[in-house]
Amino acid sequence: MAKILIVDDSPTEQHIISKALETEGYVVVSAVNGEEGIQKAKETMPDLILMDVVMPGMNGFQATRKITRDPKTKNIPVIMVTTKDQATDRAWAMRQGAIDYLVKPVSAPELLKKISQALN
């Protein structure tokens, strides 16, 4: 089954998303900030990354840009999963290399549908 990296500084969000994914058989890897997300992406080479935006240190936009511009990780699709709901945030996420954008709280069915679309 596909391996998914969740990059989010909220333990609650990590838990909720992880449970939804594990129930569907996905292998979950976690990181709590942008820097760790980049490191885990390189180490584990996930099939997909779910990236929060608002995190301490490097934010999700910056981490996504680094991941999608690195020759080693550039082919890993990134879906932003964030509380930021402005059109400018969505546009900026896509300019950084994200393939999709979901606003929290996201329902498990919607999340799983987007993941399935991204992996196929």
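Considering (1) touching a residue at least 60 places away in the same chain (Cβ under 8 Å); (2) buried (at least 17 other Cβ atoms within 10 Å of the Cβ), the lone condition that residue 32 does not fulfil carries the number (1). Among the residues here, residue 52 qualifies as touching a residue at least 12 places away in the same chain (Cβ under 8 Å) and surrounded by 19 or more Cβ atoms within 10 Å (Cβ to Cβ). Of the numbered criteria (1) over 18 Å from residue 74 (Cβ atoms); (2) surrounded by 14 or more Cβ atoms within 10 Å (Cβ to Cβ), the one residue 47 fails is (1). Filter region 55-97 down to the residues that are among the acidic types (Asp, Glu) and either buried (at least 18 other Cβ atoms within 10 Å of the Cβ) or over 17 Å from residue 35 (Cβ atoms) (or both) and list them by number. Within region 55-97, 85, 89 qualify.
Would you mind listing the strands (runs of 3 or more DSSP E) fully within region 4-108 where at least 1 residues are farther than 24 Å from residue 120 by Cβ and aliphatic (A, V, I, L, M)? Spell out how you get there, then give the answer.
Working: elements: 27-31, 48-51, 78-82, 100-103.
Counting at least 1 such residues, we get 27-31.
Screening the candidates 89, 52 for the property of being under 21 Å from residue 20 (Cβ atoms), among the charged types (D, E, K, R) and touching a strand residue (DSSP E or B) at 6+ places or on another chain (Cβ under 9 Å) yields one hit, 52.
Coordinate-derived values only; no laboratory data. Nothing here was measured: the structure is a model prediction, and the numbers come from that model. Cβ atoms come from the backbone with ideal geometry, glycine included; neighbour counts cover every protein chain shown.
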